[in-house]
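Notes to accompany the following structure.
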């Protein structure tokens with residue numbers, strides 16, 4: 001379908017809708033989320049209709065038989081969500097390559113780690129009603145004898161600082177920050193309820209401050225620095241979609257009756273953000289007009305002759321931002337770019353990595369075709385995809401995580417590969433996806449840097465503020481391509497988190513909005529999401545990790561290395577037990593050699609330990625790659641991938657480590673190329 005600038009403008013979404021649109025489930029995720037919604041609402045209707053007939057208060061599920069509940073499960077579509085997939089392991093492709101959804105990765109538990117399965121809970125979830133309502137749903141209900149503070153008040157008092165006071169990290173580049181987001185988008189996507197209006201009264205969650213499923217709006221405190229003295233306003237918030245088999249639906253399937261949330265992505269480092277985690281969507285991203293194993297590319301524009309991602313022909317285009325940002329009402333708009341994740345266009349740094357890795361897949365597929373002319377397009381696609389997955393398994397453990405959790409936690413949990421263990425469940429934990437791996441929000445600079453060939457501020461295309469780089473695919477098309485953005489990632493520093501410099505207001509006051517006061521607040525969203533998911537408080541997670549559990553001001557001050565910060569926490573929460581785990585975790589001082597505190601170092605290392613050990617197709621596992629192929633993968637270089645897929649000729653050889661240009665920059669011609677020769681197949685052997 002062709003587009004016109006006029007059509008794009010007419011379809012532009014209000015930025016207040018962006019978060020909802022990004023988190024709307026699609027495909028199998030939508031089917032699963034809707035089924036859980038239908039079941040839950042059906043049971044509530046039973047409770048409402050029978051309420052007047054009973055003299056005592058009882059659960060709705062006590063009023064109907066287990067057989068009746070199973071019928072409701074079938075009618076609403078919940079039952080199929082629990083069917084065990086059939087896996088024919090005699091099929092060579094299932095043994096050699098991943099399915100897009102990673103169903104059948106584990107031979108015994110075929111749904112472990114696959115897309116559209118619930119987040120796991122390492123500690124029991126804690127809800128206000130013991131089943132599904134978040135703590136704080138009833139604001140006057142005390143927790144541990146204290147009222148929970150409004151998350152926006154916590155954001156204002158703990159996270160707020162002036163943007164021009166930003167402190168830069170002396171050790172690491174902004175690529176380390178964006179790579180964290182890239183990795184997160186390989187592992188977690190929590191869809192929101194497909195329903196945007198209250199189930200009970202039809203209230204639109206985007207336009208109401210009433211708390212009614214699935215609306216859990218963020219209340220504004222008195223004397224808010226952005227909203228002023230009005231306490232009648234709120235920031236819209238939609239609850240995460242429930243998974244079938246949780247809440248009341250759990251009584252049908254024999255699971256515990258506690259609400260769980262759906263992870264739309266696979267738990268594996270499989271570069272699903274390039275290829276997608278749904279088999280049908282993955283196929284739609286491929287160029288099937290030729291038998292060459294390639295991904296689709298843009299047919300209207302190139303980046304100085306290099307491939308760009310195809311456009312997304314969505315009905316609503318929230319990338320129609322050019323006119324608003326530039327002030328030029330006649331500026332040509334373009335649709336969002338399309339890749340394997342719905343958040344591809346979220347910022348220019350993330351978009352540059354998506355573009356880079358699409359190009360690398362196509363480069364690999366073409367090179368493999370030269371080595372193996374007898375391979376068909378399916379084989380070329382699968383082998384290139386497998387190599388790309390191997391790249392990122394190596395880079396994530398060897399390079400990225402070392403700088404995040406530090407050498408001590410690497411040595412303790414992620415050093416020598418212990419081998420595959422089919423009894424390890426790699427599924428993503430709710431505390432990892434909802435709290436621990438959101439530490440990187442405090443490493444984001446207020447600018448998305450664009451640098452010229454000399455790694456200086458680009459004269460023609462200066463660095464935009466972060467909020468004006470979001471959902472702007474037109475910038476690389478009309479403003480110099482992706483090379484300046486990639487140079488900005490490797491040539492400029494990450495933001496340094498300190499107790500006095502937490503989160504830039506580009507994320508706290510201007511998220512998904514270009515000027516108006518109803519912009520979102522990422523810090524508030526993180527804490528509200530933790531409550532939505534029933535995450536236990538800070539001290540319970542400290543105990544889970546074998547760390548101290550501070551009770552007094554002096555004990556908390558010691559943990560935080562700041563008496564002033566500890567006082568603010570206790571003034572807000574009353575007790576350290578109630579501190580939202582995300583804000584408590586990000587406030588901790590760094591572990592040695594890392595960029596998180598001990599709590600998040602423990603949780604992040606534990607999650608990646610499970611991902612690695614519970615992956616039947618991990619790159620180090622015997623038989624997944626040959627020894628010669630593993631040797632090539634050990635030499636994987638992110639710098640080489642940048643060189644091979646851009647016009648950049650000089651990069652830091654270790655692009656996560658910040659170096660001023662001239663000391664630590666290497667000519668691309670001097671960086672060893674990836675050796676593909678071990679993939680040359682002599683003889684016509686098909687899988």
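All of the numbers you see were taken from the coordinates with simple rules; none came from a lab. Computed from a predicted model, the values in this text were never measured in an experiment. Don't worry about glycine lacking a Cβ; one is built from the backbone with ideal geometry, like all the others, and counts go over all protein chains shown.
Odds and ends about this structure:
- Paramagnetic reach from residue 288 in region 376-390 [backbone N under 18 Å; point 7 Å along Cα→Cβ]: 376-383, 385
- Region 296-347 - convex hull of alpha carbons, volume per residue in Å³: 110 Å³
- Proxy reagent accessibility, fewest Cβ within 10 Å first, across 452, 278, 303: 452, 303, 278
- Förster radius 51 Å - calculated FRET efficiency between residue 460 and residue 621 (Cβ-Cβ, nearest 0.05): 0.55
- Here the extension length gained between residue 553 and residue 314 equals 80.8 nm, from 0.36 nm per residue of separation less the Cα-Cα distance.
- Kirkwood analysis of the Cα pair distances in region 555-687 returns a hydrodynamic radius of 19.6 Å.
- Fraction in percent of alpha-carbon pairs per bin - 10 Å, region 481-635: 9, 26, 29, 22, 12, 2
- Cβ-to-Cβ counts within 10 Å put 682, 403 in ascending order as 682, 403, the fewest first.
- Peptides 465-478, 286-299, 667-680 ranked from most to least packed, by the mean per-residue count of other Cβ atoms within 10 Å: 465-478, 286-299, 667-680.
- Going by neighbour counts of Cβ atoms within 10 Å, the residues 229, 168 line up, fewest first, as 229, 168.
- Normalised convex hull volume, region 492-559, alpha-carbon set, Å³ per residue: 160 Å³
- Just so you know, the averaged projected area of the alpha carbon convex hull for region 377-494 sits at 11.5 nm².
- Along each principal axis, taking the top coordinate minus the bottom one, the Cα set of region 574-643 gives 58, 31, 19 Å in descending order.
- Here, region 133-183 is characterised by an Rg to Rh ratio of 1.20, where Rg is the alpha-carbon radius of gyration and Rh the Kirkwood radius.
- Scaling against 2.2 N^0.38 Å puts the C-alpha radius of gyration of region 93-140 at 1.80.
- Whole-Å distance, taken between Cα centres, linking region 626-652 and region 122-168: 43 Å
- Scattering from region 269-383 was approximated by placing one identical point on each alpha carbon and applying the Debye formula without solvent; log10 I(q)/I(0) at 0.10, 0.13 1/Å stands at -0.34, -0.55.
- Estimated from the Cβ-Cβ distance and a Förster radius of 22 angstrom, the FRET efficiency linking residue 91 and residue 628 is about 0.30.
- Distant alpha-carbon pairs in region 96-219 (separation over 20 angstrom), percent: 70 percent
- For region 327-449, the Stokes-Einstein estimate of translational diffusion at 10 °C and a viscosity of 1.306 mPa s comes to 86 µm²/s, using the Kirkwood hydrodynamic radius over alpha-carbon pairs.
- Hydrodynamic radius by Kirkwood, which averages 1/r over all alpha carbon pairs of region 633-687, in angstrom: 13.0 Å
- Distance between the modelled labels on residue 568 and residue 423, one decimal in nanometres: 4.6 nm (7 Å Cα→Cβ projection).
- R0 of 45 Å, Cβ-Cβ distance residue 500-residue 306: FRET efficiency to nearest 0.05: 0.60
- Counted over all Cα-Cα pairs of region 403-468, pairs farther apart than 20 Å make up 60 percent.
- With the Kirkwood sum run over all distinct C-alpha pairs, region 465-527 has a hydrodynamic radius of 13.6 Å.
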